Structure formats: structure tokens, C-alpha cells
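One structure is given here, and the rest of the page talks about it.
The values are calculated or read from the model by the stated rules, or taken from the named source; none is laboratory data. In this text the structure is predicted, and so the values were computed from the model without any measurement. In this analysis, Cβ positions are derived from the backbone assuming ideal geometry, glycine residues included, and neighbour counts consider all displayed protein chains.
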Amino acid sequence: MALNDLQFHDAIDALQRALEDRLDASGLDVDLENSGGVLTIGFSNGSQLIVSRQPALAQLWIAARSGGYHLDCRPEQGGWYCSSSGESLAALLARLVREQAGSTLDFSGLPGGGS
């Protein structure tokens with residue numbers, strides 16, 4: 001079942017708000033900027049994660065030092081999953097934060113984080 005446009009934007013909005021809240025509460029030294037549907041997460045070492053919506057493709061994209069990741073919504077599996085690695089959004093974010101910031105964060109429970 002594919003998301004319609006309204007569901008897609010609502011899902012990304014909820015995810016980005018929850019991600020900001022999780023990072024704010026984490027104690028990590030991060031700068032967060034959310035503008036035009038693009039959430040930029042800046043770490044103290046100067047690296048960034050960019051989480052953006054791609055409505056034409058109905059995908060969530062994440063840009064990181066290690067590359068670009070395209071995620072598709074799989075409601076039957078409970079969230080967003082990387083089209084190349086199969087990782088859930090929660091697992092992918094945990095890995096990328098560990099790689100870029102050297103910190104371990106749990107992203108389970110995010111809206112669309114997957115199982």
C-alpha cells in the first residue's frame with residue numbers, strides 16, 4: 001500500500017520532529033536546522049547528516065559521509081527501509097550517527113523507524 005501525498009508529507013513531518021526531539025534529548029552536541037522539508041544535522045566534528053523528502057519518488061533520502069541512502073515506506077513492515085541495504089530507518093540512523101559522531105543512540109520508536 002503506497003502513501004498518498006498528504007500521508008507522505010505528514011509521515012515525513014512527524015519523523016523529522018521526532019528525530020529533532022530525540023537528538024535534542026540525547027546530550028550530543030548537534031546543530032539542527034529544518035527548512036523546506038530538509039533536516040540538516042550538524043555534528044561537532046563538522047560532519048552532517050541531511051534528511052530530506054523526495055515527494056516525486058515518495059522516498060526519504062539521507063545524505064551522509066558514507067554516501068546517499070534512499071528509503072521507501074513499507075507500511076506492512078512498520079516504516080522506512082533503505083532500498084539498497086534493506087536497513088530500517090532506525091538501524092541506518094544509529095549506524096550513521098555512530099560512524100559520524102562516534103556516539104551510540106537508539107532510534108527505535110521513531111515514527112516510521114521500522115522494526
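Looking only at segment 1-26, count every residue that is surrounded by fewer than 13 Cβ atoms within 10 Å (Cβ to Cβ) and part of a helix (DSSP H, G or I) and tell me the total. Steps first, answer last, please.
So in segment 1-26, the residues surrounded by fewer than 13 Cβ atoms within 10 Å (Cβ to Cβ) come out as 1-2, 4-6, 21, 24-25.
If we keep only those that are part of a helix (DSSP H, G or I) as well, we get 5-6, 21, 24-25.
Number satisfying all stated conditions: 5.
Per the conditions (1) of a type in the set (Ser, Thr, Tyr); (2) farther than 11 Å from Leu96 by Cβ; (3) loosely packed, with under 14 Cβ neighbours inside 10 Å, the sole criterion not satisfied by Ser66 is (2). Among what's in segment 98-115 and is touching a residue at least 60 places away in the same chain (Cβ under 8 Å) and within 16 Å of Asn45 (Cβ to Cβ), pick the residue that is surrounded by the most Cβ atoms within 10 Å (Cβ to Cβ). Result: Ala101. Per the conditions (1) hydrophobic (A, V, I, L, M, F, W, C); (2) over 22 Å from Gly109 (Cα atoms); (3) modelled with pLDDT under 95, the sole criterion not satisfied by Phe43 is (3). Within segment 46-89, restricting attention to residues that are over 14 Å from the mean Cα position of the chain (by Cα) and polar (S, T, N, Q), the residue that is nearest to Gly114 (Cα to Cα) is Gln77.
Does Leu92 satisfy the criteria of being within 13 Å of the chain's Cα centre (by Cα) and in contact (Cβ under 8 Å) with a residue 60 or more places away in the chain? No. Of the set (1) at pLDDT below 95; (2) out of contact with any helix residue (DSSP H, G or I) (no Cβ under 6 Å at 6 or more places or on another chain), all apply to Leu96 but (1).
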